[in-house]
Amino acid sequence: MELEDAEQAYYSQWWRWGYDDQPPLYTWLQLIVNKVLGVSKISFSFLRGLIFSAILLMLYHFGRTCLNSRTEAISAVLILVAIPTFIDFTFRRLSHTALLCLLVVCTYYIIYMLIRKKSLSNYFLLGLAIGVGLLTKYNYTLVLMALVLAVFLNQELRAVFLNRKIILSFLLVGPLLIPHLVWLFGDVAFTDELQTSIGSKTNSRSNSGIPIVTPILSFMLSFLKLMGPLLMLTLALFFFKQIDLKAKKIPEKWLLQLLVSQLIVLVLIFTILDIQKVEARWLMPLVIPFVVLIPNYIKKNLQNKWNRSGFFIFLFVLLFQVLRTPIEKAADISSSVHYGFEEVSDKLRADYGNEKWFLPDVTYAGNIRLLNKERDVFALDDFSLPPDKIEVSNSVLVLKEKNKLKFDGILKDSIISFGKDKENLFFYLLRN
């Protein structure tokens, strides 16, 4: 399985208020799907496909209301094909990040409705979106920071967020978020592990590189990796005079100012936290909603042509993503998803059926869980395991390094050169 599918196969064994360095909402949804469809690759693909479809539908709806044009809304959705990271990772791999894309688009649509009508029901929806967004991924705080900055730039947003009815939104966010925050900050050791995990993913505070310059370059590089093809396409259209920056009035000035605010926030966060690396896909939810602005500047005749051909291009790209794994296998392109975990699973079942199973990491544990749906499987790198799950007596521990056991155990067996990375696995038995 892909890494994030393996993570969900593992974490969806239990209801928790959080899972390692991620909030719990996506895994809760996966748990519900698993209850209906069972623990299988179909379950993971179904939820991811459902979210992918919801993003497309919500972006279309948001674009149609903002642009007041069905044609331009369709163009905005089809433009996503020029963001390969969105198609590849959202359709095949992503979990929390894909769900966050959906929540950010929903948030902006609710703000649009609030600008038009400041009703209690819309403020309720805003509070729900914020609470659910924060339970989806911590990156959502960057959206809120951009909104705060944009309030100072745009009068319409000030009218929304300085309205006393906003209290209803805050009252809803609290109950949604407090249980997770109690879990998150309830254990000092866990908080330290969380900070270490996030630091390793961003290489922040590593005392390497040039202050300010390196973080800004890191942001620019990540942004170009994410939006490069779309930016090149836009420049080409501009060169061939298919884009006219003065052709139309911006339909929603607040959205353009929010885009500026989001970019400013990202640059400041990268600089202040000295972030020197980040996966480009992590920026995706923060910029995807703004693609609805692009069709506003494209000439009408090109939009009609693009909508006719872009639809088939979009379908072709999706079909390629469906067939990509078997194509890679047929072409002998090495990938971890081509290697099964049956050998490890068979050994555990045959020789250690009565012991608890601790695997070296979440990827191993998730794949073993998929092959052994009837029992709990544990990962040694899961630092958010509840105390009652950590007890390792009467267990078998599978390690990637020999003689690195922290407990009093006996080396019983091994598997040499396993999987794509040819890893050596060592089986240690622990008794009372």
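Are any of the residues in segment 321-334 among the hydroxyl-bearing types (S, T, Y) and open to solvent by 50 Å² or more (accessible area, probe 1.4 Å)? Break it down into steps so the answer makes sense when it comes.
Of the residues in segment 321-334, the ones among the hydroxyl-bearing types (S, T, Y) are 325, 334.
From what's left, open to solvent by 50 Å² or more (accessible area, probe 1.4 Å): 334.
Yes, the conditions are met somewhere in segment 321-334.
Return yes when L283 is in contact with an Asp or Glu (Cβ under 9 Å, 6 or more places away or on another chain) and either modelled with pLDDT of 90 or more or assigned to a helix (DSSP H, G or I) (or both) and no when it is not.
On the way: in contact with an Asp or Glu (Cβ under 9 Å, 6 or more places away or on another chain): no; either modelled with pLDDT of 90 or more or assigned to a helix (DSSP H, G or I) (or both): yes.
The answer is no for L283.
Any chance segment 353-368 includes a residue that's over 27 Å from the mean Cα position of the chain (by Cα), modelled with pLDDT of 90 or more, under 22 Å from F418 (Cα atoms) and not hydrophobic (A, V, I, L, M, F, W, C)?
yes
Among the residues in segment 373-382, are any out of contact with any Pro (no Cβ under 9 Å at 6 or more places or on another chain), modelled with pLDDT under 90, within 22 Å of L405 (Cα to Cα) and surrounded by 13 or more Cβ atoms within 10 Å (Cβ to Cβ)?
yes
Test K225 against the criterion of being at positive phi and open to solvent by 80 Å² or more (accessible area, probe 1.4 Å), and give yes or no. Before the answer, list the steps.
Values: at positive phi: no; open to solvent by 80 Å² or more (accessible area, probe 1.4 Å): yes.
For K225, the condition - at positive phi and open to solvent by 80 Å² or more (accessible area, probe 1.4 Å) - is not met.
Here is a list: I167, I178, I216. Which entry is modelled with pLDDT of 70 or more, within 25 Å of the chain's Cα centre (by Cα), open to solvent by 60 Å² or more (accessible area, probe 1.4 Å) and more than 17 Å from S384 (Cβ to Cβ)? Spell out how you get there, then give the answer.
Details: I167 fails: within 25 Å of the chain's Cα centre (by Cα); I216 fails: open to solvent by 60 Å² or more (accessible area, probe 1.4 Å).
So the residue among I167, I178, I216 that is modelled with pLDDT of 70 or more, within 25 Å of the chain's Cα centre (by Cα), open to solvent by 60 Å² or more (accessible area, probe 1.4 Å) and more than 17 Å from S384 (Cβ to Cβ) is I178.
Go through (1) of a type in the set (A, V, I, L, M); (2) open to solvent by less than 60 Å² (accessible area, probe 1.4 Å); (3) part of a helix (DSSP H, G or I) and name the single condition L128 misses.
(2)
Give me the pairs: first residue in segment 289-314 and open to solvent by 30 Å² or more (accessible area, probe 1.4 Å) and modelled with pLDDT of 90 or more, second residue among the aromatic types (F, W, Y) and not in a helix (DSSP H, G or I), beta-carbon distance under 6 Å, and six or more apart or on different chains, which are they?
So the pair list comes out empty.
Considering only residues of segment 355-372 that are touching a residue at least 40 places away in the same chain (Cβ under 8 Å) and outside any helix (DSSP H, G or I), which is nearest to K404 (Cα to Cα)?
P360
I'd like the full set of residues that are farther than 24 Å from H96 by Cβ, buried (at least 17 other Cβ atoms within 10 Å of the Cβ) and not aliphatic (A, V, I, L, M), limited to segment 252-273.
Scanning segment 252-273 gives E252, W254, Q257, T271.
For K422, work out the one condition from (1) over 28 Å from L37 (Cβ atoms); (2) over 32 Å from the mean Cα position of the chain (by Cα); (3) open to solvent by 60 Å² or more (accessible area, probe 1.4 Å) it doesn't fulfil.
Going through the list (1) over 28 Å from L37 (Cβ atoms); (2) over 32 Å from the mean Cα position of the chain (by Cα); (3) open to solvent by 60 Å² or more (accessible area, probe 1.4 Å), K422 breaks only (2).
With respect to the numbered conditions (1) more than 20 Å from F341 (Cα to Cα); (2) part of a loop (DSSP other than H, G, I, E, B); (3) of a type outside the set (S, T, N, Q); (4) out of contact with any Asp or Glu (no Cβ under 9 Å at 6 or more places or on another chain), which one is the sole condition not fulfilled by L411?
Only one criterion is unmet by L411, namely (2).
All but one of (1) touching a residue at least 24 places away in the same chain (Cβ under 8 Å); (2) of a type in the set (G, A, S); (3) assigned to a helix (DSSP H, G or I) hold for S384; which doesn't?
(3)
Which of the helices (runs of 4 or more DSSP H) found entirely inside segment 1-84 contain at least 1 residues meeting this: farther than 19 Å from N372 by Cα and under 20 Å from the mean Cα position of the chain (by Cα)? Walk me through how you get there before you give the answer.
On the way: elements: 3-11, 25-37, 41-67, 70-78.
The helices (runs of 4 or more DSSP H) meeting that bar are 25-37, 41-67, 70-78.
Does any residue of segment 115-127 turn out to be touching a residue at least 60 places away in the same chain (Cβ under 8 Å) and on the phi > 0 side of the Ramachandran plot? Explain how you work it out, then say what you get.
Restricting attention to segment 115-127, the residues satisfying the condition of being touching a residue at least 60 places away in the same chain (Cβ under 8 Å) are 115.
If we keep only those that are on the phi > 0 side of the Ramachandran plot too, we end up with none.
Within segment 115-127 (the criterion being touching a residue at least 60 places away in the same chain (Cβ under 8 Å) and on the phi > 0 side of the Ramachandran plot), the answer is no, since none of the residues qualifies.
Considering each of S75, S69, S45 in turn, give the residue that is surrounded by 24 or more Cβ atoms within 10 Å (Cβ to Cβ) and modelled with pLDDT under 95. Break it down stepwise before answering.
Values: S69 fails: surrounded by 24 or more Cβ atoms within 10 Å (Cβ to Cβ); S45 fails: surrounded by 24 or more Cβ atoms within 10 Å (Cβ to Cβ).
Of S75, S69, S45, the one residue that is surrounded by 24 or more Cβ atoms within 10 Å (Cβ to Cβ) and modelled with pLDDT under 95 is S75.
Mind listing just one residue for me: the one in segment 91-109 that is open to solvent by 30 Å² or more (accessible area, probe 1.4 Å) and touching a residue at least 60 places away in the same chain (Cβ under 8 Å) and, of those, farthest from the chain's Cα centre (by Cα)?
Residue satisfying both the conditions and the ranking: F91.
Any residue that is modelled with pLDDT under 80, within 26 Å of V81 (Cβ to Cβ) and of a type in the set (K, R) - is there at least one of those in segment 257-277?
Quick first cut of segment 257-277, residues modelled with pLDDT under 80 only: 276-277.
From what is left, the residues that are within 26 Å of V81 (Cβ to Cβ) are none.
Within segment 257-277, none of the residues are modelled with pLDDT under 80, within 26 Å of V81 (Cβ to Cβ) and of a type in the set (K, R).
Working only within segment 110-122, note down all residues that are open to solvent by less than 40 Å² (accessible area, probe 1.4 Å) and assigned to a helix (DSSP H, G or I).
Of everything in segment 110-122, those that are open to solvent by less than 40 Å² (accessible area, probe 1.4 Å) and assigned to a helix (DSSP H, G or I) turn out to be I110, I111, Y112, L114, I115, N122.
Conditions (1) charged (D, E, K, R); (2) surrounded by 18 or more Cβ atoms within 10 Å (Cβ to Cβ); (3) in contact (Cβ under 8 Å) with a residue 12 or more places away in the chain, marked per residue:
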{"position": "P24", "(1), (2), (3)": "no, yes, yes"}
{"position": "K35", "(1), (2), (3)": "yes, no, no"}
{"position": "L57", "(1), (2), (3)": "no, no, no"}
{"position": "H61", "(1), (2), (3)": "no, no, yes"}
{"position": "I79", "(1), (2), (3)": "no, yes, yes"}
{"position": "I83", "(1), (2), (3)": "no, yes, yes"}
{"position": "F89", "(1), (2), (3)": "no, yes, yes"}
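Out of all the residues in segment 389-419, which are open to solvent by less than 20 Å² (accessible area, probe 1.4 Å) and farther than 13 Å from W357 by Cβ?
Within segment 389-419, I415, F418, G419 qualify.
The values are calculated or read from the model by the stated rules, or taken from the named source; none is laboratory data. Everything numeric here is computed off the predicted structure, so don't read it as measured data. Neighbour counts are summed over all protein chains in view; Cβ atoms, including those assigned to glycine, are modelled from backbone coordinates with ideal geometry. Heads up: the accessible areas ignore ligands, DNA and RNA and are worked out on the full protein's heavy atoms, side chains in. Shrake-Rupley method; radii C 1.70, N 1.55, O 1.52, S 1.80 Å.
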